[in-house]
Amino acid sequence: MKKKLKVLLLFDSPYFMPRGYDFNEEFRDPDWDTERDVYRALQQIGHDVNVLGLHNDIGILLEELKENRPDIVFNLAEVFNEKPNFDKNVVWLLEMLRVPYTGVSPGSLLICNNKALSKKILTFHKIKVPDFQTFHKNHRVGLPKALKPPLIVKPLCEEASRGISRASVADNEKSFIKRVNFIHKSMNMDAIAEEYIEGRELYISVLGNRRIKILPPRETTFGQFPEDKPRIGTYKAKWDDAYRKRWGIKNVFAKRLPDGVDKKIEDICKKAYRALNIQCYARIDIRITPESVVYILEANANPCLAREDEIAQSAEKSGIPYNELIQKIIKLAFQRNR
Ligand SMILES: Nc1ncnc2c1ncn2[C@@H]1O[C@H](COP(=O)(O)OP(=O)(O)O)[C@@H](O)[C@H]1O
Ligand SMILES: [Mg+2]
């Protein structure tokens, strides 16, 4: 690998901006912390960095790749034209044009972004996931007999806890149907209902291709949040600072785990990473029951990479400072493409 690379930092933009726009103004906003942190790291490492924000015009990406072909695309694009399921199409384009890129392949994005599809594959590999049932739009909805309540109802293909609130956990037919209908009608999405797994919630960051490294686990602690209410990562619990402060909700390094559980988590996460054919980096969300049974809730392909985010925190703790993490992801991308 060359020392100084020509890197195109690719991300999604909420509005159209032409090629050559520098996004310095946007990078001051905390909403853009991943883009800004990765951009600065790439510069500090010494790469020659161009940025491109995609909104709804794929033509600017094609022009950029043709006229100013990078050695690699650092891919942070999560949506295209505000549609999360188009993220993979952007990567498919990079594959078709044979441009190396960071993060997972489009096939793996497709699997990881669908909470039912990924669980079917994990089940085939005998990895424990909550029992579930899908509810597609325009079909009859009823409390699934095969699942043990309480159930949690989520959009089938969403991220960042969009569509997840306290009302997502239902223990009777009425509240269940109401929530499924909310996802179908208000969010215009298919839904998945899963058995509710009681227990600690951990986030396991993973790096690698064939050789896989598991980083120190992070955990959400729910502070003074009532014990008789579902302690889950709702949208508010994740993103509303005032709400987090009020209930003492924090993300921390996982406190001591029962004997043997660390190793169990490591084995399960490695197995899941391979089963889902993930490359470069990912974050796996898990729950551990009071009986120490480990369930995978979901695998996040291309998770957020800001300095504050779980993967960067876990990497730092394991002795990989931020800039080194970003450089490592580039190395893994080239290695994968070989
Ligand atoms: N089966 C489940 N049992 C218990 N809690 C769950 C379950 N599924 C999701 N949750 C809670 O909801 C949060 C968001 O769910 P997740 O599937 O990770 O969706 P997202 O992709 O939006 O992060 C999780 O962090 C967890 O707190
Ligand atoms: Mg999650």
Hey, can you tell me all the residues within segment 305-325 that are buried (at least 16 other Cβ atoms within 10 Å of the Cβ) and part of a loop (DSSP other than H, G, I, E, B)? L305, A306, R307, D309, I320
Looking at segment 285-304, which of its residues are within 14 Å of ligand 2 (Cβ to nearest atom) and either basic (K, R) or in a strand (DSSP E or B) (or both)? D285, I286, R287, Y295, I296, L297, E298, A299, N300, A301
How many residues does segment 96-114 hold that are in contact with a Pro (Cβ under 8 Å, 6 or more places away or on another chain) and within 12 Å of ligand 1 (Cβ to nearest atom)? 1
Hits in segment 209-263 (condition: under 25 Å from P290 (Cβ atoms), touching a residue at least 40 places away in the same chain (Cβ under 8 Å) and polar (S, T, N, Q)): T234, N251
Having 3 or more residues that are within 24 Å of N277 (Cα to Cα) and hydrophobic (A, V, I, L, M, F, W, C) is the bar; report the helices (runs of 4 or more DSSP H) wholly within segment 46-116 that clear it. 87-96, 106-112
Any idea how many residues of segment 65-84 are farther than 10 Å from D12 by Cβ and buried (at least 20 other Cβ atoms within 10 Å of the Cβ)? 5
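Which residue, of I177, I204, is under 23 Å from the mean Cα position of the chain (by Cα) and modelled with pLDDT of 95 or more? Walk me through it before giving the result.
Working: I177 fails: under 23 Å from the mean Cα position of the chain (by Cα).
Of the residues listed, the single one that is under 23 Å from the mean Cα position of the chain (by Cα) and modelled with pLDDT of 95 or more is I204.
Any chance you could count how many residues in segment 150-162 are part of a loop (DSSP other than H, G, I, E, B) and either more than 14 Å from I192 (Cα to Cα) or within 12 Å of ligand 2 (Cβ to nearest atom) (or both)?
Filtering segment 150-162 down to residues part of a loop (DSSP other than H, G, I, E, B) leaves 150, 156-162.
Subsequent filtering for residues that are either more than 14 Å from I192 (Cα to Cα) or within 12 Å of ligand 2 (Cβ to nearest atom) (or both) retains 158-162.
Qualifying residue count, segment 150-162: 5.
Please state which one of L207, L202 is within 29 Å of K263 (Cα to Cα), more than 16 Å from ligand 2 (Cβ to nearest atom), touching a strand residue (DSSP E or B) at 6+ places or on another chain (Cβ under 6 Å) and not in a loop (DSSP other than H, G, I, E, B). Break it down into steps so the answer makes sense when it comes.
Numbers: L202 fails: more than 16 Å from ligand 2 (Cβ to nearest atom).
Only one candidate qualifies: L207.
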Which of (1) within 15 Å of ligand 1 (Cβ to nearest atom); (2) over 13 Å from N209 (Cα atoms) is the odd one out, the single condition A312 does not satisfy? (1)
Which one of these is touching a Ser or Thr at 6+ places or on another chain (Cβ under 6 Å) and within 30 Å of I330 (Cβ to Cβ): C157, C112? C112
Scanning segment 115-151 residue by residue, those under 15 Å from I268 (Cα atoms), basic (K, R) and away from ligand 1 (no atom under 15 Å from the Cβ) turn out to be K126
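Quick one: in segment 292-304, of everything that is touching a helix residue (DSSP H, G or I) at 6+ places or on another chain (Cβ under 8 Å) and not hydrophobic (A, V, I, L, M, F, W, C), which residue is surrounded by the fewest Cβ atoms within 10 Å (Cβ to Cβ)?
If we filter segment 292-304 for residues that are touching a helix residue (DSSP H, G or I) at 6+ places or on another chain (Cβ under 8 Å), which is where we start, we get 292, 294, 296, 298-304.
Okay, now just the ones that are also not hydrophobic (A, V, I, L, M, F, W, C), so 292, 298, 300, 302-303.
On the way: S292: 14, E298: 20, N300: 22, N302: 24, P303: 21.
By that ranking, first place goes to S292.
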Among the residues of segment 318-335, which ones are farther than 15 Å from Q44 by Cβ, out of contact with any Lys or Arg (no Cβ under 9 Å at 6 or more places or on another chain) and not aliphatic (A, V, I, L, M)? G319, K331, F334
From F225, F253, which residue is within 15 Å of ligand 1 (Cβ to nearest atom), within 18 Å of L202 (Cβ to Cβ), aromatic (F, W, Y) and modelled with pLDDT of 95 or more? F225
Is it the case that I296 is closer than 14 Å to Y203 by Cα and in contact with a strand residue (DSSP E or B) (Cβ under 7 Å, 6 or more places away or on another chain)? yes
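What about K154, is it within 9 Å of ligand 1 (Cβ to nearest atom) and among the basic types (K, R)?
Numbers: within 9 Å of ligand 1 (Cβ to nearest atom): yes; among the basic types (K, R): yes.
Yes, satisfied.
Being of a type in the set (S, T, N, Q), within 24 Å of A160 (Cα to Cα) and under 18 Å from the mean Cα position of the chain (by Cα), is that true of even one residue in segment 312-324? Step through it out loud before you land on a result.
Residues of segment 312-324 that are of a type in the set (S, T, N, Q), as a first pass: 313-314, 318, 323.
Applying the additional criterion that residues be within 24 Å of A160 (Cα to Cα) yields 313-314.
Now drop any that are not under 18 Å from the mean Cα position of the chain (by Cα), which leaves 313-314.
Taking every residue of segment 312-324 in turn, at least one turns out to be of a type in the set (S, T, N, Q), within 24 Å of A160 (Cα to Cα) and under 18 Å from the mean Cα position of the chain (by Cα).
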Being of a type outside the set (K, R) and in contact with a His (Cβ under 9 Å, 6 or more places away or on another chain) narrows A242, A272 down to just A272
Within segment 166-187, how many residues turn out to be among the acidic types (D, E) and either at positive phi or within 16 Å of ligand 1 (Cβ to nearest atom) (or both)? 1
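The values are calculated or read from the model by the stated rules, or taken from the named source; none is laboratory data. All figures in this text were calculated on a predicted structure; none of them were measured in a lab. Please note: Cβ atoms are built from the backbone with ideal geometry, for glycine as well, and neighbour counts cover all protein chains shown.
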